[in-house]
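These notes are about the structure you will find just below.
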Amino acid sequence: MADHTSATDEGEAGGDEAGDDGTATPEIDLPGEAFDAVLDALDDLDPGDPLRFEGFSVARDGEGAYALVENSPPKPLTERELHEALAERAPAVTDWYTFERVVGEFGPRRAFLRWIEDADGETVAARYAALAAGIERAWGELKITATVTDRGERRYDVRHADDAGVPVDELDAHEDPLDARELVTYDEKGRYRPLKTAPSLAGGWVFPDLGPRDLYETVETIYPATVANWHREREGELDVTHWRETMERQSGIYGVVKTWDRGEGYEHVNWVAEACCDDSQCLKRREWEYDDETDLDVDGGDGVFPCREPCSVVVSAARKWTRLESEQPRTYEFELTPSEKEQVEDIIDAVADGRTDEIREADTKEGANRYRARFLRAKLFDDEGNLGGVPTEPDEE
């Protein structure tokens, strides 16, 4: 027997009233395919079993007669009368058709599409009124706008949040979700983006008219696995792999990171998380810690989708830091004025925060100003590039 769980069973209730803000529910025509889907669903049910919609249900007896139940005894109906009755209730029927037939099986895609329009918290009437005006949701750097057609079909506009309000004809329009693979490869300066959830997504494009399935594919192409992990977390099924477990399974050239955990605490992992997992560096919300029993001291961020384990960027960086941190500290002596010391600090901060391009050439008040940095280099570096003329003297192999 086919699954006949209705939208009502997933948390909706209500009728055909206007939305909460007084906006009227739009006029919806009942598409033939939606009515045919109702008949097919009834065929899959045992006689008398109801097919539930918001506010009413429909059933068919063993002799093929239909009945509609709506706060009153069942009304026997012919197929034509059933069509007329459902046409009068087209918003509820098309809502059922969208999620039961167009979207389909329960899982990340269905949960995500329902979340966009708050289908588990609002009535059909309220949602259709809101969809008529456009429901906007943020997902990372994406702005998703959901609307409904006069046939109850969902359509979605996906673009960079910075392009909100820009007319479609002023953006590079796309239809195929796979086009997103090219859009996410480089940032706005043409630099390769190794981390797809970094807040460096370039704008200037739009997917202006996607259906439900294509919307899901587009979002998952731009931010891989984010919807799936978001859904797992909502269902209480997110499997988190913490730092120690992740590092212990590294092998080959990455096996060296195992040597960084020497039973000397986990301050080094705090440094890694602060460097790589801050909201300014990644849009995911870090859920992994040092191990099952030891939380890191660094905040995990505020992203809507979770990070369930140290990613390849973190592991690769940790490999380099493992080697660097194995060096023994040395004492170097340099003479710096107080302002020069502050300037070195300003330069490190600007590079770490990715602000160097924001510092204007004429703004010499900024310590990381290019001319001030060049002046400091000219003053303090010798011909071999040694700060203060002091050689580094690397450790002997």
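For the reader, a short list of remarks on this structure follows.
- Heavy atoms of K284 accessible to a 1.4 Å probe, total area in Å² rounded to 10: 50
- Cross-linked pairs K320/K379; K196/K320; K196/K341; K143/K365; K196/K365; K143/K284: Cα-Cα separations exceed 25 Å for K320/K379; K196/K341; K143/K365; K196/K365.
- When nucleic acids and ligands are ignored and a 1.4 Å probe is applied, C311 ends up with an accessible area of around 40 Å².
- Rounded to the nearest 10 degrees, the inclination of helix 267-276 to the longest alpha-carbon principal axis of the chain is 60 degrees.
- Descending semi-axes in Å of region 142-220, equivalent ellipsoid built from Cα gyration tensor: 23, 14, 10
- Note that region 78-86 has calculated 3J(HN,Hα) couplings of 7, 4, 5, 5, 4, 4, 5, 5, 6 Hz, one per residue in order, obtained from phi through the Karplus relation 6.51 cos²θ - 1.76 cosθ + 1.60 (θ = phi - 60°); glycine and proline are x.
- By the equivalent-ellipsoid construction on the alpha carbon gyration tensor, region 102-158 comes out with semi-axes of 16, 15, 11 Å, ordered largest to smallest.
- Residues listed by number, region 275-307, amide nitrogen under 11 Å from W321 label point at 7 Å toward C-beta: 275-278
- Taking the Cα centre of the chain as origin and assigning +1 to Lys and Arg Cβ atoms and -1 to Asp and Glu Cβ atoms, the resulting dipole is close to 1020 debye.
- Cβ-Cβ FRET estimate between E335 and T364, R0 fixed at 30 Å, reported to 0.05: 0.85
- Taking amide H positions as modeled 1.01 Å from N, with prolines and chain starts lacking one, the residues under 5 Å from L296 and 5 or more places away or on another chain are Y290.
- Computed from phi, the 3J(HN,Hα) profile of region 146-156 under the Karplus parametrisation 6.51, -1.76, 1.60 (θ = phi - 60°) reads 9, 9, 10, 8, 6, 10, x, 7, 8, 10, 9 Hz, with x in place of Gly and Pro.
- Size descriptor, Kirkwood hydrodynamic radius, that averages inverse alpha-carbon separations across region 37-135, Å: 14.6
- In the chain, the calculated helix contribution to ellipticity at 222 nm averages -9500 deg cm²/dmol per residue, counting -39,500 (n - 2.57) for every DSSP H run with n ≥ 4.
- Compactness check for the chain: Cα Rg over 2.2 N^0.38 Å is 1.36.
- Cut-off under 5 Å, modelled amide H: who pairs with V304 long-range: G140
- Helix 370-380 axis versus longest C-alpha principal axis of the chain: approximately 30°, rounded to the nearest ten.
- Taking GluC sites (Glu not before Pro) across region 34-89, the ones in a DSSP loop with at most 16 further Cβ atoms lying within 10 angstrom of their Cβ are E63, E70.
- Compactness of region 266-355 as Cα Rg over 2.2 N^0.38 Å, two decimals: 1.32
- Relative to the dominant Cα principal axis of the chain, helix 312-325 is inclined by about 20°.
The values are calculated or read from the model by the stated rules, or taken from the named source; none is laboratory data. Worth saying up front: this structure is predicted, and the values here are computed from it rather than measured. Cβ sites come from the backbone with ideal geometry, for glycine too, and all protein chains shown count toward neighbours. Side chains are part of the model used for accessible areas, which takes the heavy atoms of the whole protein and leaves out ligands, DNA and RNA. Shrake-Rupley method; radii C 1.70, N 1.55, O 1.52, S 1.80 Å.
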